[in-house]
Amino acid sequence: MYRISRFHQIMKALPRGAFDRVVQTHQADKNSKGFACWDQLLAMVYAQLSGASSLRVLETGFNSQCTQHYHLGTAPIRRSTLADANGRRKTEVFAETAKLLMSQTQRSLRRDSEELLYLLDSTSISLKGPGFDAWTSGNRTRNTQGIKLHVLYAGNDEVPVRHSITAPNVNDIDEGRKLTIEPKAIYIFDKGYCDYNWWNKIDEQKAQFVMRFKYNAALTVESTRPIPAEDTDIVLKDEIVRFANKHPRGGRKNHYKNSLGRITVARPEHDRPIVLATNDLVSPASVIARRYKDRWGIELFFKWIKQHLKIKSFLGRTENAVRIQILTALITYLLLALYRKTQSYTGSLWILLAEVRATLFQRPAVEAERYRRRKDTMPEQAARQGGLFA
């Protein structure tokens, strides 16, 4: 009986039928000339998992495992064909595949987590030089020339659940307003998402948020709450406030009428403390402070994918190729997270990736069976050989 490789095990988290329906919807395999979207996806996920540094390395490594191709539903690749597909094929197929995997992780999140904690942020990816300048120089900002990845991250399960890719000059709040707010969820974000009317929409959906107040926010203090003795080193102030200005930003009406919590949190390593805003008026101030500290989880996610996946150096220089590579990095991360869950793996995701990278085309079931047989025959072999100095 044939046993599948570890790479095949990882790819089984993505239902092939669902992927084919996405491809059919976009007619993405039209004129594919024998190199379908599935072949392209496998090649790009392989590049992410193996850490291939170039198209030539990708082609050589992938084609060296030709005995595994039939069971994966693919064939040997040519780097020129892959480069053409990355440069021309529709990115929507890979974006919807990422969303499909995100929905799978979100369903498990609803079953397993006590609360829905979402972290919202973005990261910029610098793209400069020949090939990049043609499409990145026109929308660069003072600090960044390249592209921006926006992510809604499930803090409890450590997986992204929403994403978008924009030019770096797109404001974070513009993407934040597009989110569908889930009732009873908790959203954590930074000052880049400061829009009082958007906060009001979150409040209307019976969701909670924690973010930083701007230091110049015009507020009226309604009351001050006592701070428990064990929290005085962390929480400096715990106040109930209300917006004093009904028409901020040059006459724009502020629809947020309810009270807010203003939590001032000490930062011994900085000159100024952090001032947090929240519509959660029930939880203790120390809990609010801890939730905002949990926002570091999405920063670690961005750092992880930039360090361990192919998201800083690219196999193609067109905008289409860059977007596909970023999307396949997200797909690879989600496949690893789902594989880790199904295998009940207790180590870190980085250690799992290191193991996968070293044994990508090994067949774990076969290796386990061989080891069991060797272990069973070891006493018999030892008895036959006798002691070395007997």
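The values are calculated or read from the model by the stated rules, or taken from the named source; none is laboratory data. None of these values were measured; they are calculated from a predicted model. Cβ coordinates were reconstructed from backbone atoms using ideal geometry, including for glycine residues, and neighbour counts include every protein chain displayed.
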*Hey, which of the helices (runs of 4 or more DSSP H) in the range 1-76, taking only ones fully inside, have at least 2 residues that are touching a Lys or Arg at 6+ places or on another chain (Cβ under 7 Å) and under 18 Å from Ala358 (Cβ atoms)?*
37-50
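Here's the yes/no breakdown for (1) among the aromatic types (Phe, Trp, Tyr); (2) surrounded by fewer than 23 Cβ atoms within 10 Å (Cβ to Cβ); (3) touching a Cys at 6+ places or on another chain (Cβ under 9 Å):
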site	(1), (2), (3)
Asp294	no, yes, no
Phe302	yes, yes, no
Lys310	no, no, no
Asn320	no, yes, no
Ile324	no, no, no
Arg340	no, yes, no
_Restricting to the range 29-45, name every residue that is within 16 Å of Ala98 (Cα to Cα) and touching a residue at least 40 places away in the same chain (Cβ under 8 Å)._
Cys37, Gln40, Leu41, Met44, Val45
_If I filter the range 158-172 down to residues being touching a residue at least 40 places away in the same chain (Cβ under 8 Å) and part of a loop (DSSP other than H, G, I, E, B), which single residue comes out as farthest from Ala329 (Cα to Cα)?_
Pro168
*Hey, among the residues in the range 186-225 that are hydroxyl-bearing (Ser, Thr, Tyr) and within 15 Å of Ala285 (Cβ to Cβ), which one's surrounded by the most Cβ atoms within 10 Å (Cβ to Cβ)?*
Thr224
*Within the range 180-195, which residues are at negative phi and either part of a loop (DSSP other than H, G, I, E, B) or in contact with a Lys or Arg (Cβ under 7 Å, 6 or more places away or on another chain) (or both)?*
Thr180, Ile181, Glu182, Pro183, Ala185, Ile186, Ile188, Phe189, Asp190, Lys191, Cys194, Asp195
*Examine the range 282-297 for a residue that is out of contact with any Asp or Glu (no Cβ under 7 Å at 6 or more places or on another chain), over 27 Å from Lys148 (Cα atoms) and hydroxyl-bearing (Ser, Thr, Tyr), and state whether such a residue exists.*
yes
*asked:* With the requirement that a residue be aliphatic (A, V, I, L, M) and within 19 Å of Leu300 (Cβ to Cβ), what does the range 336-352 give you?
replied: Leu336, Ala337, Leu349, Ile351, Leu352
*Candidate set: the range 135-157, residues that are in a loop (DSSP other than H, G, I, E, B) and of a type in the set (D, E, K, R); chosen: the one nearest to Tyr339 (Cα to Cα)*: Asp157
*asked:* Looking at Glu175 and the list (1) part of a helix (DSSP H, G or I); (2) in contact (Cβ under 8 Å) with a residue 60 or more places away in the chain; (3) over 21 Å from Leu276 (Cβ atoms), which single condition is not satisfied?
replied: (2)
*Tell me, yes or no, whether the range 15-34 has at least one residue that is more than 24 Å from the chain's Cα centre (by Cα), under 24 Å from Ile311 (Cβ atoms) and buried (at least 18 other Cβ atoms within 10 Å of the Cβ).*
yes
*asked:* Please go through the range 273-302 and give me each residue that is farther than 18 Å from Lys191 by Cα, of a type in the set (Gly, Ala, Ser) and either part of a helix (DSSP H, G or I) or modelled with pLDDT of 95 or more (or both), ordered by number.
replied: Ala285, Ser286
*Checking Leu14 against (1) out of contact with any Ser or Thr (no Cβ under 8 Å at 6 or more places or on another chain); (2) farther than 15 Å from Leu360 by Cβ, which single condition isn't satisfied?*
(1)
